[in-house]
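Worksheet for the structure shown next.
Rule-based calculations on the coordinates, nothing more; no lab input. Given the structure is predicted, the values throughout are model-derived calculations rather than measurements. As a convention, Cβ positions derive from the backbone with ideal geometry for all residues, glycine included, and neighbour counts pool all protein chains shown.
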Amino acid sequence: MCGIVSAISYRNIAFTLTEGLLRLEYRGYDSCGIALFKDGELTRVRSMKRVSDLEKQLLDCRFDGCIGLAHTRWATHGIPSKYNAHPHFSRDKFGKPTIALVHNGIIENYEELRNSLDKDSYDFESQTDTEVLAHLLNDFYDGDIFRTVLNVTKLLKGSYAIAVFCSNEPDRIIGARQGSPLIIGIGVDENYLSSDSLAISDKIKDLIYLEDGDIVELKRKSINIIDSNGSYVERYKHSVNNIIATPNLGKYRHYMQKEIFEQPRAVADTLHNVDNLSHDFFGQDYYDLFNNIDSVLIVACGTSYYAGMTAKYWIESLAKIRVDVEIASEYIYRDSVPNPNTLVLAISQSGETADTLSALKHAKSLGLKNTMAICNMNNSAIVRECSFSYITQAGIEIGVASTKAFTTQLTALFLLSITLARYRSILGKEQEVAYCRDLRHLPSAIGSVLSLEPLIMEWAKYFAHKGNSLFLGRGRHYPIALEGALKMKEVTYIHAEAYPAGELKHGPLALVSEHMPVVVVAPSDRLLEKLKSNMQEVRARGGNLYVLADKGSTISNDSGINVIHMPEYYGMISPILYTVPLQLLAYHTALILGTDIDKPRNLAKSVTVE
Ligand code: G6P
């Protein structure tokens, strides 16, 4: 998704900004650009290629500057093109650029604002909402760009994080945020604005998370923030003690593969000290919260939504608490019936997903005050919006298709399920000991599943020649089938659908023929016999089955039935294990097809627009 890196310094910051953009590449983008200010001139290069192409252009043109704005764009208004790429300029009457602007988010009333501008005064070079804002700032400019941004943002509807530079006042950059993340990075004699701390973490001592409605004036040695009430405010400075190491691939070909193989470590770290599972696992502060709820409402998007679906099976079964799982973008816009004793659980890898954040705010506006985030990013907007949070320890996830973030979310959600069951005194001691034992073994069990990679690579050779695929599961493994199909479509672009196997005969069976590979998640749980009947329905129509089963499933290779045997059945936490081969299947199929695995077309890592 769009990324902002901007700086004001005494030194040339051109390549500092492009280095920042490189660190944001993982979020997904379709074009990029940079504007620099030097000797009274604003210069700009933009590209439809990678950030490395921007760097090449900067070298070729010999552009540099001590002040700059850089951006990666993920198209919303206007096609991906060089002319729609940011930064956008607004010019004086002689055609000289005076205002430069980068923007994340969407200005919803941009057409109305565009119509309010005098058509003869501004030449529109792009189809973007952002350029309208640049011209609007020019139009309202009164000699003080800080004040102008303050006045103009009052007219905006929608979400934005912006960085603005005006060449008449070259000693400052102005930033503003509403609904899209923006942080201030404080360095030595230089300051930054960015949408993600990762972009600048090695350049700064402290960082400040701006709040919605904040406008900031950034100079080399000072910052001033005005809040949504128009008052000057101090915001908390977080020291950047743990510089986030620049991710590297090591021995892996792609981040997706690396992150799949990091799962034993990520899950172990998320479990913390599971030996000591007690009422206090989530902290004593949770006492009132967990004692006072009688239902759970999960809001999430994408992979995180499937983690939420799995949690519904766990929480209802173990803790006997009713759970509703809502796709965030749907929940916001439908009439729901709020129950004040609900725990609202927002699940998000990035903690910045606009729909999940809005759903959380919507739930709060309906009087649901008990909020908790399960999130991979501390200090993210969703964590800050919630009263409680549990931070998964996946570590930075670069691959757009989420892998280790999902299994760590599941791990956290299972811990939550058994903790809630304990609070209700419905978890027998023996059962609890057994779950803790299974959880302790989980990282090494994931390691055993990873060793199945060569077998999955054989399956991938077959899938790479198919245009469609069907994934089946039942019960708590149905969301895992959904996640497997999502991985497949995200990175291979092969059409993949998932169904609860019992629904097969109500529609998808019509798709089954010898051309349709059908993946079945078939652990030896209580639904296995039912699932076997569903598999027969597929075989009877010539469909080829690719079955993930454990030894207890007693399913063997046969004509049209290909089986990979998983380690022993892990009961309740088995969904976590069955996720891993599906991730590997998608990865290896994509590898054969040669797609851009870590940055699949049209997708973004962190979706900060609705
Ligand atoms: C995007 C990503 C997905 C992710 C979803 C929700 O679509 O590409 O991988 O599952 O957003 O993101 P979140 O950060 O809220 O988990």
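Rounded to whole Hz and in sequence order, give me ³J(HN,Hα) for region 283-290 from the Karplus expression 6.51 cos²θ - 1.76 cosθ + 1.60, θ = phi - 60°, writing x for Gly and Pro. My calculation for region 283-290 gives x, 5, 4, 7, 3, 5, 4, 5 Hz in order.
Placing +1 at every Lys and Arg Cβ and -1 at every Asp and Glu Cβ, with all other atoms neutral, what dipole size does region 3-239 have around its Cα centre, in debye to the nearest 20?
Details: 29 positive and 35 negative charges, 107 e Å.
Here the size comes out at about 520 debye.
The residues neighbouring Pro247, those whose beta-carbon lies less than 12 Å from its own, together hold a net charge of -3 under the Lys/Arg +1, Asp/Glu -1 convention. Note on region 120-265: dipole from Cβ charges, positive end direction compared against Phe140, Ser239, Leu210; the farthest Cα belongs to Ser239. Ranked from largest, the principal axis spans of the Cα set of region 256-385 equal 42, 33, 28 Å.
Straight-line cross-link partners of Lys258 among the aspartates and glutamates, defined as a Cα under 12 Å from its Cα and at least 8 positions apart when in the same chain: Glu397, Asp598.
The convex hull of the Cα atoms of the chain, projected and averaged over all directions, covers 28.0 nm². How much net charge surrounds His86 when only other residues with a Cβ under 14 Å from its Cβ are counted (Lys, Arg +1; Asp, Glu -1)? In short, 0. Which shape class applies to region 1-119: rounded if a/c is under 1.5, otherwise prolate when a/b exceeds b/c and oblate if not, where a ≥ b ≥ c are the square roots of the Cα gyration tensor eigenvalues? The shape class here is oblate. Phi-derived couplings, Karplus 6.51 cos²θ - 1.76 cosθ + 1.60 at θ = phi - 60°, listed residue by residue for region 576-591: 5, 5, 6, 5, 5, x, 5, 4, 5, 4, 4, 4, 6, 5, 5, 4 Hz, with x used for Gly and Pro. Using only the alpha-carbon atoms of region 153-239 as identical scatterers, what base-10 log of I(q)/I(0) does the Debye formula give at q = 0.11, 0.20, 0.21 Å⁻¹? Debye intensities relative to I(0), on a log10 scale: -0.27, -0.92, -1.01.
This model, with +1 at the C-beta of Lys and Arg and -1 at the C-beta of Asp and Glu, gives region 85-155 a dipole about its Cα centre of some 220 debye.
In this Cβ point-charge picture (+1 for Lys and Arg, -1 for Asp and Glu), region 451-598 has a dipole of about 400 debye about its Cα centre. Across the options Ala405, Gly68, Ile564, the greatest Cα extent toward the positive end of the charge dipole of the chain (unit charges at beta carbon of Lys, Arg, Asp, Glu) belongs to Ile564.
Remark on Ile298: its backbone amide H falls under 5 Å from those of Asp324, Val325, Glu326, Leu345, a criterion applied only to residues 5 or more positions apart or on other chains, H modelled at 1.01 Å from N. Within the shell of other residues whose beta carbon sits under 12 angstrom from the beta carbon of Ser329, the net charge comes to -3, with Lys and Arg scored +1 and Asp and Glu -1. Close amide H partners of Lys38, meaning residues 5 or more places away or on another chain with modelled amide H under 5 Å apart, are Thr43.
Ordering Ser52, Pro264, Ser513 by the projection of their Cα atoms onto the charge dipole of the chain, which places +1 on the Cβ of Lys and Arg and -1 on the Cβ of Asp and Glu, puts Ser513 at the extreme positive end.
Quick check on the chain: helices-only [θ] at 222 nm, where DSSP H runs of length 4 and up contribute -39,500 (n - 2.57) each and the sum goes over total residues. Nearest 500, please.
Values: 18 runs with 212 residues, N = 610.
Counting only the DSSP helices, I get -10500 deg cm²/dmol.
Any chance you could tell me what percent of the C-alpha pair distances in region 451-598 go past 25 Å? Across region 451-598, Cα pairs with separations above 25 Å total 18 percent.
Taking a straight Cα-Cα cut-off under 25 Å and skipping sequence neighbours fewer than 8 places away in the same chain, the lysines within cross-link reach of Lys119 are Lys82, Lys93, Lys96, Lys154, Lys157.
Each Cα pair under 8 Å and six or more residues apart adds its separation to the average, and for region 177-227 the resulting relative contact order is 37 percent. The label point for Asp227 and the one for Asp171, both projected 7 Å from the Cα toward the Cβ, are 2.8 nm apart.
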